[in-house]
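Following: one structure in C-alpha cells, then a few remarks.
The values are calculated or read from the model by the stated rules, or taken from the named source; none is laboratory data. A quick note: this is a predicted structure, and the numbers were derived from the prediction, not measured. Cβ placement follows ideal geometry from the backbone for every residue including glycine, while neighbour counts extend to all protein chains displayed.
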C-alpha cells in the first residue's frame with residue numbers, strides 16, 4: 001500500500017515539473033515576443049536606418065598658383081599635416097627680383113606724383129603773374145603803336161614840307177640858271193641857289209628816310225601789339241593750365257596706385273612660392289618632386305580634409321516619410337566600432353538613379369517598380385571631441401540611425 005502511494009506522488013511531481021517547465025518556456029517565448037515586438041515597433045516607428053551610407057569629405061586638389069622650380073618638398077605620401085604647413089617651396093629668386101623692380105617703380109611713381117603735386121601751386125602763381133604781365137605788355141604795345149603812328153604822321157608831314165621846299169629850290173635854281181647866263185645876277189647868287197637846291201634835295205631824302213623808318217616803327221609796334229595780344233590770350237588760359245596740372249597730378253597719383261598694385265601682386269607671387277596646406281588633412285596622390293618644373297594650376301597632390309566630414313546615407317523612398325532636417329542621428333562606424341552623434345542636414349533633391357551619369361530610361365514601356373533611394377546628408381555634431389585622433393576617413397561605411405520620433 002505504501003509503494004502505491006509513493007508511486008502516485010512521484011507521478012504527480014513529474015507532472016507538476018513538466019507543467020512548470022512549459023509555463024517557463026511559455027513565459028520566455030512571450031518575453032521574446034514582447035521584446036521582439038517592441039524592437040520591431042521601435043525600429044519601424046521611432047528609428048529609420050540604412051547600411052547604404054558612407055563618410056564623405058573634401059578632397060582638395062593642391063596646385064601651384066605660379067610657375068616655378070621646386071626646391072623643397074616637406075611632406076610625404078599619407079602624411080598628416082596641419083593647416084598652414086608648408087608643403088613645398090618654389091625657387092623665389094625670380095619673384096624677389098620682380099618685387100624689387102616693383103618697389104623701385106613705386107618709388108619713381110611717388111616722386112613723380114610729389115613733383116606734379118608741387119607744380120600745382122607753382123603753376124597757379126605763374127599763370128596769375130603771366131596774365132598780369134601780358135595785360136601790361138599789351139597796354140604798352142598799344143601805346144607804342146599810337147606813338148609810332150603819330151611819329152609816322154609827323155614824318156609824312158615833314159616829307160611833304162621837304163618836298164615843297166625842294167620844289168621851290170629847284171624852280172629857283174632853274175630861273176637863276178638863265179639869269180646867270182645873261183649876267184642878270186652874280187655868280188655868287190647862282191652858287192647860293194645851287195647850294196639851296198642841293199640842301200633842299202638832301203632834306204627831302206632825309207625826310208623820306210625818316211618816313212620810311214617811322215613806317216617800319218609802326219609795323220614793328222603792330223607786330224609787338226599782336227604778340228602781346230597772343231601772350232595775353234595764352235595767359236588767359238591760366239585756369240585751364242592749372243586744371244591740366246591738376247590732371248597731371250591726379251594721373252601721377254593713379255600711377256602710384258598702379259605701382260602699389262603691381263608691388264602687391266609681386267609680393268603675392270613671392271608668397272605663392274611657398275605652397276601651404278589650406279586645411280588639416282592627409283596627403284595623398286603626391287606627384288611632386290625636387291627640381292620639378294611646375295606650371296600654374298598643375299595638380300601636385302590631393303589633401304583629404306579630416307575636419308569637415310559628413311555622412312551621405314541613401315535611404316529608401318519609403319523611409320523618407322518621417323525624415324526631416326534637424327533630427328538626431330546615431331552613426332555606427334564599422335572601422336572604429338564607435339557610435340558618433342550627428343544631425344540630418346539635407347534631404348537630396350533627387351534620387352540616386354536620376355543623379356547618375358546615365359539615368360535609366362524606359363523607352364519600351366516595360367515598367368517594373370523599383371524602390372528608389374534618396375541621398376540624405378548627415379553632419380557630425382561633435383566630431384572634434386569624438387574623433388580627436390582623426391580616425392574617420394572619407395569612404396568608410398557607416399550605419400546611421402535617424403531618430404524620427
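Observations
- Of the residues making up the stretch 307-340, those that are out of contact with any strand residue (DSSP E or B) (no Cβ under 7 Å at 6 or more places or on another chain) and within 23 Å of residue 389 (Cβ to Cβ) are 307, 335, 336, 337, 338.
- Options 193, 261: the member that is touching a helix residue (DSSP H, G or I) at 6+ places or on another chain (Cβ under 7 Å) and either at pLDDT below 85 or in a helix (DSSP H, G or I) (or both): 193
- Residue check, residue 53 at pLDDT 60 or above and closer than 30 Å to residue 314 by Cβ: yes
- Per-region count, the stretch 118-164, residues loosely packed, with under 13 Cβ neighbours inside 10 Å and within 30 Å of residue 246 (Cβ to Cβ): 7
- Annotation note: of 211, 110, 149, the sole residue that is within 30 Å of residue 258 (Cβ to Cβ), in contact with a helix residue (DSSP H, G or I) (Cβ under 6 Å, 6 or more places away or on another chain), part of a helix (DSSP H, G or I) and modelled with pLDDT of 80 or more is 110.
- Residue 215 being within 30 Å of residue 148 (Cα to Cα) and touching a residue at least 12 places away in the same chain (Cβ under 8 Å): yes
- Residues of the stretch 165-183 classified as surrounded by 14 or more Cβ atoms within 10 Å (Cβ to Cβ), over 27 Å from residue 206 (Cβ atoms) and at pLDDT 75 or above, total: 1
- Filter result for the condition that a residue is under 30 Å from residue 255 (Cβ atoms) and surrounded by 13 or more Cβ atoms within 10 Å (Cβ to Cβ), over 196, 192, 115, 109: 109
- Filter result (buried (at least 17 other Cβ atoms within 10 Å of the Cβ) and either modelled with pLDDT under 90 or in contact with a helix residue (DSSP H, G or I) (Cβ under 6 Å, 6 or more places away or on another chain) (or both)) within the stretch 376-401: 383, 386, 387
- Of the residues in the stretch 270-277, at least one is within 30 Å of residue 77 (Cβ to Cβ), without any contact (Cβ under 8 Å) to a residue 40 or more places away in the chain and loosely packed, with under 15 Cβ neighbours inside 10 Å.
- Among the residues listed as 186, 216, the single one being surrounded by fewer than 16 Cβ atoms within 10 Å (Cβ to Cβ) and modelled with pLDDT of 85 or more: 216
- Which numbered condition residue 266 fails, given (1) surrounded by fewer than 13 Cβ atoms within 10 Å (Cβ to Cβ); (2) under 52 Å from the mean Cα position of the chain (by Cα): (1)
- Residue match in the stretch 86-101 (condition: loosely packed, with under 13 Cβ neighbours inside 10 Å, touching a strand residue (DSSP E or B) at 6+ places or on another chain (Cβ under 6 Å) and at pLDDT 90 or above): no
- Pair list, Cβ < 7 Å and 6+ apart or interchain, from the stretch 167-192 residues that are without any contact (Cβ under 8 Å) to a residue 60 or more places away in the chain and on the phi < 0 side of the Ramachandran plot to residues that are exposed (fewer than 12 other Cβ atoms within 10 Å of the Cβ) and part of a helix (DSSP H, G or I): 180/187
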